[in-house]
Amino acid sequence: MQPWLHAYAALGVDAKSLILPRRGSSIPARLYLLAPSDALVLYNLLTQVTPTLNTMETLLQQIVNGLVVGSVYALVALGYTMVYGILGLINFAHGDVLMVGALVALQVAAYLQNTWPGLGTTAILLISLGAAVPVCMLMGYTIERAAYRRLRNAPRLAPLITAIGMSFLLQTLAMIIWGRAYHSFPPLFPTAPLQPIEGVFITPVQVTILVASAVLMVALVLLVNKTSLGRAMRATAENHRVASLMGVDTNKIISTTFIIGSGLAAVAGVMISSNYGVAHYSMGFMPGLKAFTAAVLGGIGNLGGAMVGGIVLGLVESIGAGYIEQLSFGLLNSSYQDIFAFVILGIVLIFRPTGLLGERVSDRA
């Protein structure tokens, strides 16, 4: 195996996102998305990582990778579980909102780097997020207002089909605007990995993902449990009609739920693109599907369950990817790591449909 493959695995890069090296070159084609000087520096850095990792180092490395990936799954799963808790609707367009956030941030970051080359990377990151989050929030509001509001009393199949249609619509619009090509996300973090433990690597962007995800999840829990808006959201989730009779503007609460979930999806999209260095029009499908699996695993409709489900799914997926080759006696490799998410989804739906932490949303009268 090429040394850079081991390095990518140590740095937490999804093996299936790698592209075969160009003919006549040992450097993976994905590195050509970077500037030549940056590609050379990164390649030299990656090839310095030793390919001989012992079992404990591999386990610890996969745990780190799993926590990073699971944090992103948890953020996206929160959007699914909030909407389901209030409307009983699975918003399958949620993953594509993530994609739009990543591409908007990429566009803004590229513009700032070209227009103001001296602007610091932290400022570029904050401005890009400041552009992506409102765009996605507006998109979430528009989706709820235009696609879902009139279907609240319709048979359950109607909003489900509408959600799938919205997903295809967003992907098509993104393909028209940004094209079908993969776009290199500007490097906004130092590329040198940290080594907290011998043989275990974590990059600055992964540290940022862990910290930002924890802060956002705690902030959301406090919002739902400690504020008047949160009380109104919980009341609407319990019973729309009763909440409305008690003076709660349920339309406003439902729209706010979509707005908050879409904002979290935008942040998750920027996290994914920053970590893997790539953004494209279909990038939201698989993270969205896995986040839905995480929400079901934890107990859809339960905020704590979405967080636990995301972390558990990320850990199982990453640890499984590290050992799938040994477990399958060489028949499978880490590019098959998606199998774990869908196996877990099937097991949960069969043996515990309510998820690990159960469903806290009461049946509506």
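All of the numbers you see were taken from the coordinates with simple rules; none came from a lab. Just so it is clear, the model here is predicted, and its values are computed rather than measured. For neighbour counting, all protein chains shown are included, and Cβ atoms are generated from backbone atoms with ideal geometry for every residue, glycine included.
Each peptide among 210-221, 321-332, 260-271 gets the average number of other Cβ atoms lying within 10 Å of its residues, and from highest to lowest they stand as 260-271, 210-221, 321-332. Here SER228 and PHE329 are evaluated by their C-beta separation; at R0 = 51 Å the FRET efficiency comes out at 0.30. Peptides 190-203, 138-151 ranked from most to least packed give 138-151, 190-203, packing being the mean of other C-beta atoms within 10 angstrom over each peptide's residues.
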